[in-house]
Amino acid sequence: DEKSTWDPSIFSKLIEENLKKETSLILLEIGVARGSTSKFTIDKLNDKILTYYGVDPYKSNYDFTDGFSYHNQDLMNNLYKFVIEKVNDPRFTLIRKKSNVAYLDFDDNSIDAIYIDGNHSYKEVIKDIKCWSPKVKQGGLIIGDDYLVFEGVRKAVNEYFLDFNEVGNTWFVKK
């Protein structure tokens, strides 16, 4: 994690700034990868979190725009196990499904904040936004990563939202 350019703190920072009074938070992260954001967020927000869901299929070659996807399937299987051990918190559930299938397991208006950092292609980002936005409670946060890095992310966000905020490489909307 120390060698990564990912910032695991942005999800918790935006929650702290925009959902200050909220407790018993239900959070969801799409695209867990090595679990850095999950672990950091749970540790940072600790007693404010009721449940934290991670959604990641851990499937090799899922996203041809992202080098992380090029790991072989054995490594992805081990990574799934590694993340469960790394986060090691009873409030954490790691769902090994594609995000466009996992959203069916959640009720509308059931999540306080979501972090979209899965497949970075336009087609998949717009699908994640459309599928998961209704799951976020009114006043909740829809947050996404890699706005500056991936053209597909920029195009999907610009097309779907009339107004959104940017903090570095991250975009977000308060619903």
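Tabulated data for the structure shown
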{"quantity": "Count - residues of the range 104-119 that are assigned to a loop (DSSP other than H, G, I, E, B) and farther than 18 Å from Leu50 by Cα", "calculated": "3"}
{"quantity": "Test set (1) in contact with a Phe, Trp or Tyr (Cβ under 7 Å, 6 or more places away or on another chain); (2) part of a helix (DSSP H, G or I); (3) hydroxyl-bearing (Ser, Thr, Tyr) - Ser133 fails condition number", "calculated": "(1)"}
{"quantity": "Residue selected from the range 83-95 under the condition open to solvent by 90 Å² or more (accessible area, probe 1.4 Å) and part of a loop (DSSP other than H, G, I, E, B), by the criterion farthest from Asp43 (Cα to Cα)", "calculated": "Pro90"}
{"quantity": "The range 155-175 residues that are closer than 16 Å to His120 by Cβ, paired with ones that are among the hydrophobic types (A, V, I, L, M, F, W, C) and assigned to a loop (DSSP other than H, G, I, E, B) (beta carbon under 7 Å, 6 or more apart)", "calculated": "Val157/Phe164; Asn169/Leu148; Asn169/Val149; Trp171/Phe164"}
{"quantity": "Residue within the range 120-130 that is over 16 Å from Gly31 (Cα atoms) and outside any helix (DSSP H, G or I) present", "calculated": "no"}
{"quantity": "Members of the range 3-20 that are in a loop (DSSP other than H, G, I, E, B) and either exposed (fewer than 14 other Cβ atoms within 10 Å of the Cβ) or within 11 Å of the chain's Cα centre (by Cα) (or both)", "calculated": "Lys3, Ser4, Thr5, Pro8, Lys20"}
{"quantity": "Asn61 more than 30 Å from Glu22 (Cα to Cα) and touching a helix residue (DSSP H, G or I) at 6+ places or on another chain (Cβ under 8 Å)", "calculated": "yes"}
{"quantity": "Residue ID - farthest from Asp117 (Cα to Cα), chosen from residues in the range 147-158 that are in contact with a helix residue (DSSP H, G or I) (Cβ under 7 Å, 6 or more places away or on another chain) and surrounded by fewer than 22 Cβ atoms within 10 Å (Cβ to Cβ)", "calculated": "Lys155"}
{"quantity": "Considering residues of the range 138-166 that are part of a helix (DSSP H, G or I) and aliphatic (A, V, I, L, M) only, the residue nearest to Ile111 (Cα to Cα)", "calculated": "Val157"}
{"quantity": "Matching residues in the range 21-60 - criterion: being outside any strand (DSSP E or B), over 13 Å from the mean Cα position of the chain (by Cα), polar (S, T, N, Q) and on the phi < 0 side of the Ramachandran plot", "calculated": "Thr23, Ser60"}
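The values are calculated or read from the model by the stated rules, or taken from the named source; none is laboratory data. Just so it is clear, the model here is predicted, and its values are computed rather than measured. No Cβ is skipped: glycine too gets one built from the backbone with ideal geometry, and neighbour counts run over all protein chains shown. Heads up: the accessible areas ignore ligands, DNA and RNA and are worked out on the full protein's heavy atoms, side chains in. Shrake-Rupley method; radii C 1.70, N 1.55, O 1.52, S 1.80 Å.
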